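These notes are about the structure you will find just below.
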Amino acid sequence: MAKTTFISKRAPYYQDIPDEKWDNWRWQLSHRLNSVEDFNNILKLTDSEIKALSATDLFRVDITPYFASLIDPNDPDDPIRKQVIPTASEIQPFTGMMEDSLAEDRHSPVPGLVHRYPDRVLMLVTTQCASYCRYCTRSRIVGDPTEQFSRSDFEAQLEYLRKTPQVRDVLLSGGDPLTLAPKLLEQLLRSLREIPHIEIIRIGSRVPVFMPQRVTDELCDMLQQFHPLWLNIHVNHPNEISKELEIACDKLTRAGIPLGNQSVLLAGVNDCVNIQRQLVHDLVRIRVRPYYLYQCDLVEGAGHFRTPVAKGIEIMEGLRGHTSGYAVPTFVVDAPGGGGKIPVMPNYMLSASDHKVVLRNYEAYVTAYEEPTSYEPHDPSTCEFCSNKRFEAGQSGVLGLLEGESMFIKPEGFDELHNRGGGKHRLRADSNKWKPLGIGSPKKEEE
Ligand SMILES: *Cc1c(COP(=O)(O)O)cnc(C)c1O
């Protein structure tokens, strides 16, 4: 049965905390749970959780009292609990797991800046989060207080952006940008807005989910100076959608910030089409558009969260057509080794010939679409959009194998490798048919 209203929860242990404290994000941050004693106040830990929490070199644990209160204390398999409380599975070694599975460090022209796609960059602005996800893709740097970015790192990132006119979209991530000191975040946004070729700024943040109290009117007022600004949150399960999250998202959308959601497909948490359907329905109700559903990355310590790729395809099959198009995310596999996000979906085209394509719909109804007998295509030679393009999509390219597992297509016209760091982009096969590949930057336009 569909929920009618979203609810607030507070673990009994916190019942006597005055609302002014509970609703204050600074209180939430400074009262995060991280030890066996802390957790014992709100739930009964399993032996596996106690073992993990007692391990010394574990990826950082910290959970806001608000988020911990969403856990059902009587359910050791609670989907929120699994996302944030470590178990012994995390300390088992896994083969095939990688420290930097997306090869982000190799695509960094300056520390913290990942330039993998032609027109947009990922800017890692902090290593801190409001709470820590056990399957974190960036656990190699995130959570470590000694791995902070400095002002000179920010300056180097900004300098790269000023000199790189093909970048029109900057995605702030980390860590969580909304945990930055408010003044510092504002300065960063202002510096980015001063760069004329940067059209949109995006923030990837789980703060509204872990600590919706942080989404104050003051924060929204600050953010809305920097439009067009977009924000993606990260919700994996319908139980995370509370009254507080609903209010935080309402404030953000009223500040003119379009909201999206990125979730990760996680075994035992949301690897079920019914859970996913409820999740996307609840998200669109709070005006958050499902954006990506990620296949779990090959992260050390997160092997127990992985599902077969087929599970994601099955979920997409169960959403598309069955529910509002607005509620359907794109399922993506982020290519190990640094190939970027690759969309994966059920096959709807059964065959294609010169004159007809055979398709099936979500109910397995098969249909044939007759192709036109004549087609007068658009003329690029007289088109102003074609003549002043910054980036040409859909080029043909050369297929090759990268060291590691990924295949890359190097589009024609992409000569320069972004990889300035390791020189690790080498082909496995020594065939002269295959040129050295990588994701390159578009050729500089001749002025
Ligand atoms: C995900 C990502 C982006 C943004 O990709 P979109 O598909 O545009 O959302 C940009 N850079 C890097 C390195 C990324 O991982």
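The values are calculated or read from the model by the stated rules, or taken from the named source; none is laboratory data. Only a predicted model underlies this, so the values are computations on that prediction, with no experimental measurement involved. Cβ coordinates were reconstructed from backbone atoms using ideal geometry, including for glycine residues, and neighbour counts include every protein chain displayed. Accessible surface is based on the protein model in full, side chains and every heavy atom, while ligands, DNA and RNA are left aside. Shrake-Rupley method; radii C 1.70, N 1.55, O 1.52, S 1.80 Å.
Using the structure shown, list the pairs from Lys9/Lys82; Lys21/Lys243; Lys82/Lys243; Lys311/Lys341; Lys183/Lys341; Lys21/Lys251 with a Cα-Cα distance above 25 Å, or answer none. Please report the intermediate quantities before stating the final value.
On the way: Lys9/Lys82 18 Å; Lys21/Lys243 18 Å; Lys82/Lys243 22 Å; Lys311/Lys341 17 Å; Lys183/Lys341 33 Å; Lys21/Lys251 20 Å.
Violating the 25 Å Cα-Cα cut-off are Lys183/Lys341.
Report, to the nearest whole %, how much of the accessible area of segment 105-346 belongs to carbon and sulfur atoms, 1.4 Å probe, protein only.
Details: 4600 of 8540 Å².
The value for segment 105-346 is 54 percent carbon and sulfur by accessible area.
Just want to confirm a number: the relative contact order over segment 105-346, from Cα pairs under 8 angstrom separated by 6+ residues, in percent. Let's see the in-between values first.
Working: 438 pairs, mean separation 36.9, N = 242.
Over segment 105-346, the number comes to 15 percent.
Can you tell me, using C-alpha contacts under 8 Å and at least 6 residues apart, the relative contact order of segment 12-91 as a whole percent? Spell out each step's value before the answer.
Values: 72 pairs, mean separation 26.8, N = 80.
Rounded, it is 34 percent for segment 12-91.
May I ask you to order 110-122, 5-17, 31-43 by the average number of other C-beta atoms within 10 Å around their residues, highest value first? Before the final figure, lay out the partial values.
Values: 110-122: 20.3, 5-17: 12.7, 31-43: 16.2.
Order by mean packing, descending: 110-122, 31-43, 5-17.
Subtract the Cα-Cα distance of Asp119 and Tyr369 from 0.36 nm times their separation in residues, and report this length gain in nm to one decimal. Present the calculation step by step, with values, prior to reporting the outcome.
Numbers: separation 250, 0.36 × 250 = 90.00 nm, distance 3.49 nm.
Value of the extension gain: 86.5 nm.
For a quick protection proxy, order the peptides 60-67, 212-219, 18-25 by their average other-Cβ count within 10 Å, most packed first. Please list the in-between numbers first.
Working: 60-67: 22.8, 212-219: 18.5, 18-25: 13.6.
Packing order, densest peptide first, comes out as 60-67, 212-219, 18-25.
Quick check: pseudo-label points 7 Å beyond the Cα along Cα→Cβ at Glu199 and Met98, how many nm apart are they?
3.0
Amide H to amide H under 5 Å from Arg116: which residues, 5+ apart in sequence or cross-chain, H placed 1.01 Å off N in plane?
Leu122
Pull up all non-local amide H partners of Asp334: gap of 5 or more, or a different chain, and H-to-H distance under 5 Å with H placed in the peptide plane.
So Asp334 has HN proximity to Gln295, Ile342.
Figure the gain on full extension for Met222 and Lys51 (residue separation times 0.36 nm, minus the Cα-Cα span) and round it to one decimal in nm.
Numbers: separation 171, 0.36 × 171 = 61.56 nm, distance 4.30 nm.
Length gained between Met222 and Lys51: 57.3 nm.
Using a 1.4 Å probe over the heavy atoms of the protein chains, calculate the carbon and sulfur portion of the accessible area of segment 12-91 as a whole percent.
46
So what does log10 I(q)/I(0) come out to for segment 12-91 at q = 0.11, 0.19, 0.27 Å⁻¹, using the Debye formula with one equal point on every Cα and no solvent?
Taking Cα atoms of segment 12-91 as identical point scatterers yields -0.28, -0.81, -1.42.
Rounded to the nearest whole Å², what accessible area per residue is found for segment 105-346 with the 1.4 Å probe? Don't skip to the answer; put the middle values down first.
Numbers: 8540 Å² over 242 residues.
Spelled out: the 1.4 Å probe surface of segment 105-346, per residue, equals 35 Å².
Enumerate the amide H contacts of Gly301 below 5 Å, restricted to partners 5 or more residues apart or on another chain; note that Pro and chain-start residues carry no placed amide H.
Phe94
Taking only protein heavy atoms into account and a 1.4 Å probe, give the accessible area per residue of segment 1-62 in Å². Walk me through the numbers before you get to the answer.
Numbers: 4110 Å² over 62 residues.
Result: 66 Å² of accessible area for each residue.
Separation between the Glu384 and Arg190 pseudo-spin-labels, each 7 Å from Cα along Cα→Cβ, expressed in nm?
Label-label distance for Glu384 and Arg190, simple model: 3.6 nm.
State, to one decimal in nm², a quarter of the convex hull surface area for the C-alpha atoms of segment 105-346, i.e. the direction-averaged projected area. Don't jump to the answer; show the numbers that get you there.
Values: hull surface 49.5 nm².
Taking a quarter of the hull surface, the average projection is 12.4 nm².
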